[in-house]
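Remarks on the structure that follows.
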Amino acid sequence: MQWEDITVVELETKRTHCDCCQQVTTHGAGDLLWDEDFIGWFTVNFSENSASHSPIIKVYVGDWSDGAPADSRWGVVVSWHSEGCSLLDWDAEDREGNDLFTCLNRDDVLGSEFAEELWAMVDAVITKDSRLKELQLS
Ligand SMILES: [Zn+2]
């Protein structure tokens, strides 16, 4: 799977003020398609204050049809910074009481076959989501 072949469909965008610095945080969501088939969806969160708040991209894959079990769909957290992208672990508060999907942490993804697909999806988001164009990473 090459990022060039992945279509990014931008869905809702919400802007809020950060609790700590009051600068605008943008929350965006979207779908990822490959050859017109749904392969996953994602959220992006980034602040005007990108020096203190790295943009976060969450990618969700698997079966997101209504009523599909949590162990048939997965979520991954990626931090985007000037040197590139890094996998993160989910926070305890994200994992706690989450019966919607399976949280994949860094070690679950690194070196797996899924990792390559994930980076293609992340590259597609970074390259094609127009909301990220306003972001200047320092
Ligand atoms: Zn802040």
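The values are calculated or read from the model by the stated rules, or taken from the named source; none is laboratory data. None of these values were measured; they are calculated from a predicted model. Virtual Cβ from ideal backbone geometry, glycine too; neighbours counted across all protein chains shown.
Within region 54-68, work out how many residues are surrounded by fewer than 17 Cβ atoms within 10 Å (Cβ to Cβ) and within 16 Å of the ligand (Cβ to nearest atom).
Result for region 54-68: 1.
Only residues that are without any contact (Cβ under 8 Å) to a residue 24 or more places away in the chain and farther than 14 Å from C85 by Cα: list them for region 103-113, please. Don't jump to the end; show me each part of the working.
Applying the first criterion (without any contact (Cβ under 8 Å) to a residue 24 or more places away in the chain) to region 103-113 yields 105-108, 110-113.
Matches in region 103-113: N105, D107, D108, G111, S112, E113.
Condition first: away from the ligand (no atom under 13 Å from the Cβ) and either of a type in the set (S, T, Y) or in contact with a Lys or Arg (Cβ under 9 Å, 6 or more places away or on another chain) (or both). Now tell me which residues in region 5-29 satisfy that.
Here is the first cut: in region 5-29, the ones away from the ligand (no atom under 13 Å from the Cβ) are 5-15, 27-29.
Within region 5-29, I6, T7, V8, E10, T13, H27, G28, A29 qualify.
Answer with yes or no whether L132 is at pLDDT below 95 and under 26 Å from D5 (Cβ atoms). Outline the logic, then answer.
Working: at pLDDT below 95: yes; under 26 Å from D5 (Cβ atoms): yes.
Judged against the criteria, L132 is a match.
Among (1) farther than 19 Å from L118 by Cβ; (2) out of contact with any strand residue (DSSP E or B) (no Cβ under 9 Å at 6 or more places or on another chain); (3) more than 16 Å from the ligand (Cβ to nearest atom); (4) of a type outside the set (A, V, I, L, M), where does Q2 come up short?
With (1) farther than 19 Å from L118 by Cβ; (2) out of contact with any strand residue (DSSP E or B) (no Cβ under 9 Å at 6 or more places or on another chain); (3) more than 16 Å from the ligand (Cβ to nearest atom); (4) of a type outside the set (A, V, I, L, M) applied to Q2, the lone miss is (1).
Which pairs have Cβ atoms under 7 Å, sit 6 or more apart or on different chains, and link a residue in region 1-20 that is under 18 Å from F38 (Cβ atoms) to one that is among the charged types (D, E, K, R)?
From region 1-20, the pairs are M1/E117; W3/D123; V8/K128; V8/D129; V9/D31; E10/D129; E10/R131; L11/D31.
Among the residues of region 1-26, write down those that are of a type outside the set (S, T, N, Q), part of a strand (DSSP E or B) and farther than 14 Å from V125 by Cβ. Break it down into steps so the answer makes sense when it comes.
Narrowing region 1-26 to residues of a type outside the set (S, T, N, Q): 1, 3-6, 8-12, 14-15, 17-21, 24.
Those still in the list that are part of a strand (DSSP E or B) too: 6, 8-12, 14-15, 17, 24.
Listed by number, the residues that qualify are E12, K14, R15, H17, V24.
Can you find a residue in region 59-81 that is within 18 Å of E117 (Cβ to Cβ) and at pLDDT below 95? Break it down into steps so the answer makes sense when it comes.
Pass one, region 59-81, residues within 18 Å of E117 (Cβ to Cβ): 59-64, 72-78, 80.
Subsequent filtering for residues that are at pLDDT below 95 retains 80.
There is at least one residue in region 59-81 that is within 18 Å of E117 (Cβ to Cβ) and at pLDDT below 95.
Among the listed residues E48, E36, identify the single one that is within 24 Å of D129 (Cα to Cα) and within 16 Å of the ligand (Cβ to nearest atom). First the steps, then the outcome.
Values: E36 fails: within 16 Å of the ligand (Cβ to nearest atom).
Matching residue, one of E48, E36: E48.
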